Amino acid sequence: MKRHIFILILLSLIFVSIYFKYQYKYLSKIGNLNKNTNVKSGKKDGQTRVENIPKGIWTVNSIGRLGNQMGEYAALYALAKLNGHQAYILPAMANYLSPIFKTTLPTLHESLNKKLHMKPYGLHDWMDDEYRNIPGDYRMLTGYPCSWTFYHHLREEILREFTFHDLIMEETNAYLRRIKGERKNVTFVGVHVRRGDYLRIMPNIWKGVVADKKYLEKAMTYFRNKYKNVIFAVTSNGMDWCKENINNSKEDVFFSDTSNSPGQDLSILAHCNHTVMTIGTFGYWAGYLAGGETIYLDNYTLPDSPFLKIFKYKATFLPQWIGIPADLSPLLKTPPVQKKNNN
């Protein structure tokens with residue numbers, strides 16, 4: 001009996017020791033957010049109060065899907081560095097990106113985020129001169145920034161931030177080896193075809209179109225004519241349409257598994273030599289991470305589209321990328337005039 005009591009006491013002491021060890025590390029980490037200040041906690045009138053909160057913490061909203069999240073992360077990374085502040089990401093963004101990439105920005109604990117009362121600062125999709133001197137020590141950057149103009153001068157750092165985890169890379173390499181088969185000196189071209197909700201949003205809200213069959217034929221023919229032994233790795237959220245409309249008579253087109261996660265599909269595209277993208281931030285990041293030649297759908301909205309108030313082609317697509325103008329004729333067709341029934 002005494003032996004059992006002794007073991008319980010010993011285990012309790014070990015547990016308490018471990019608990020305080022990690023508490024000390026956590027508080028030390030919070031306290032080192034800024035070298036000149038420390039976070040102190042206490043209670044006043046039943047409320048937790050925080051004194052001497054460290055200066056210069058910036059974060060960004062976590063909205064949208066994978067391509068948007070990456071754009072927000074990269075813009076925060078670059079702007080915080082430009083303005084001399086420490087960048088932190090919200091837990092929601094960490095949950096989105098950390099399972100895919102080896103990101104390095106620390107996560108701002110939700111409880112501390114609420115106490116800091118971050119002042120929002122809206123961003124365009126593109127870099128603006130005023131962003132070089134954004135005032136405020138505690139900022140919540142907002143918007144859907146996705147433009148190389150924010151961070152291209154830090155390209156190597158951004159590529160490191162978006163390094164895929166080893167397991168995802170192993171899966172990607174295994175897939176590329178499988179579709180390569182016995183072919184030698186292969187050139188991989190990633191093809192991302194965005195459809196889904198854009199089939200409704202583009203014509204009805206933005207006065208635009210999505211990529212059609214002819215665009216994909218032109219883009220893929222460009223690579224077939226320029227390189228030998230080309231293999232196209234196609235990813236899409238409309239794979240049935242792709243299989244029906246992409247010509248695979250040369251047996252050089254491979255369609256990714258529809259059960260793939262967005263991270264798995266993006267890794268396949270990013271590890272190809274070149275890129276064919278259609279529209280959307282996911283395809284943009286595929287081209288940016290791959291780093292080879294990228295062909296994109298150009299001028300895919302009417303001149304009076306409200307989309308052009310928040311989007312700039314030149315700020316989105318790198319100057320060396322190749323644009324193929326979209327066919328806007330479906331938007332220009334007028335509905336047939338119905339004959340009156342005189343009966």
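The values are calculated or read from the model by the stated rules, or taken from the named source; none is laboratory data. No experiment lies behind these values; they were computed from the predicted model shown. Cβ coordinates were reconstructed from backbone atoms using ideal geometry, including for glycine residues, and neighbour counts include every protein chain displayed. These area figures cover heavy atoms from the full protein model, side chains too; ligands, DNA and RNA do not enter into them. Shrake-Rupley method; radii C 1.70, N 1.55, O 1.52, S 1.80 Å.
A few notes on this one:
- Residue list for segment 130-161, filter: under 23 Å from TYR284 (Cα atoms), touching a helix residue (DSSP H, G or I) at 6+ places or on another chain (Cβ under 7 Å) and of a type in the set (Val, Ile, Thr): THR149, ILE158
- Of all the numbered requirements in (1) open to solvent by 60 Å² or more (accessible area, probe 1.4 Å); (2) on the phi > 0 side of the Ramachandran plot; (3) not hydroxyl-bearing (Ser, Thr, Tyr), GLY291 misses one, and that requirement is (1).
- Cβ pairs under 6 Å, 6+ apart, first in segment 145-157 and of a type in the set (A, V, I, L, M), second crowded, with 20+ Cβ neighbours inside 10 Å: LEU154/ALA78
- Condition check for LEU176: touching a strand residue (DSSP E or B) at 6+ places or on another chain (Cβ under 8 Å) and under 20 Å from SER261 (Cβ atoms): yes
- Of the residues making up segment 264-283, those that are in contact with a Gly (Cβ under 7 Å, 6 or more places away or on another chain), within 19 Å of LEU176 (Cβ to Cβ) and polar (S, T, N, Q) are ASN273, THR275.
- When restricted to residues that are more than 29 Å from ASN229 (Cβ to Cβ) and either open to solvent by 60 Å² or more (accessible area, probe 1.4 Å) or touching an Asp or Glu at 6+ places or on another chain (Cβ under 9 Å) (or both), segment 159-178 contains 1.
- Listed by position, the strands (runs of 3 or more DSSP E) inside segment 271-336 whose residues that are hydrophobic (A, V, I, L, M, F, W, C) number at least 2 are 294-298, 322-325.
- Restricting segment 147-158 to residues that are open to solvent by 10 Å² or more (accessible area, probe 1.4 Å) and hydrophobic (A, V, I, L, M, F, W, C) leaves a set whose member that is farthest from the chain's Cα centre (by Cα) is LEU154.
- Out of GLY181, GLY238, GLY196, GLY208, sole residue that is open to solvent by less than 50 Å² (accessible area, probe 1.4 Å), touching a Ser or Thr at 6+ places or on another chain (Cβ under 6 Å) and not hydroxyl-bearing (Ser, Thr, Tyr): GLY208
- No other residue among ILE53, ILE100 is at pLDDT below 95, in contact with a Ser or Thr (Cβ under 9 Å, 6 or more places away or on another chain), aliphatic (A, V, I, L, M) and farther than 21 Å from THR316 by Cβ apart from ILE53.
- Counted residues, segment 160-194 - those being within 30 Å of TYR77 (Cα to Cα) and either at pLDDT below 95 or charged (D, E, K, R) (or both): 6
- Only listed residue being hydrophobic (A, V, I, L, M, F, W, C) and part of a strand (DSSP E or B), chosen from MET127, MET202, MET140: MET140
- Residues (closer than 23 Å to SER147 by Cβ and not in a strand (DSSP E or B)) located in segment 78-93: ALA78, LEU79, ALA80, LYS81, LEU82, ASN83, GLY84, HIS85, TYR88, LEU90, ALA92, MET93
- Close pairs (7 angstrom Cβ cut-off, 6 or more residues apart or separate chains): under 26 Å from MET220 (Cβ atoms) in segment 304-332, open to solvent by 70 Å² or more (accessible area, probe 1.4 Å) anywhere: ILE324/LYS218; PRO325/ASN299; ALA326/ASN299; ASP327/LYS214; LEU331/LYS207
- When residues of segment 241-260 are limited to those that are open to solvent by 50 Å² or more (accessible area, probe 1.4 Å) and under 21 Å from the mean Cα position of the chain (by Cα), the one farthest from LYS213 (Cα to Cα): SER259
- Of the criteria (1) touching a strand residue (DSSP E or B) at 6+ places or on another chain (Cβ under 6 Å); (2) closer than 21 Å to GLY196 by Cα, which one GLN264 fails: (1)
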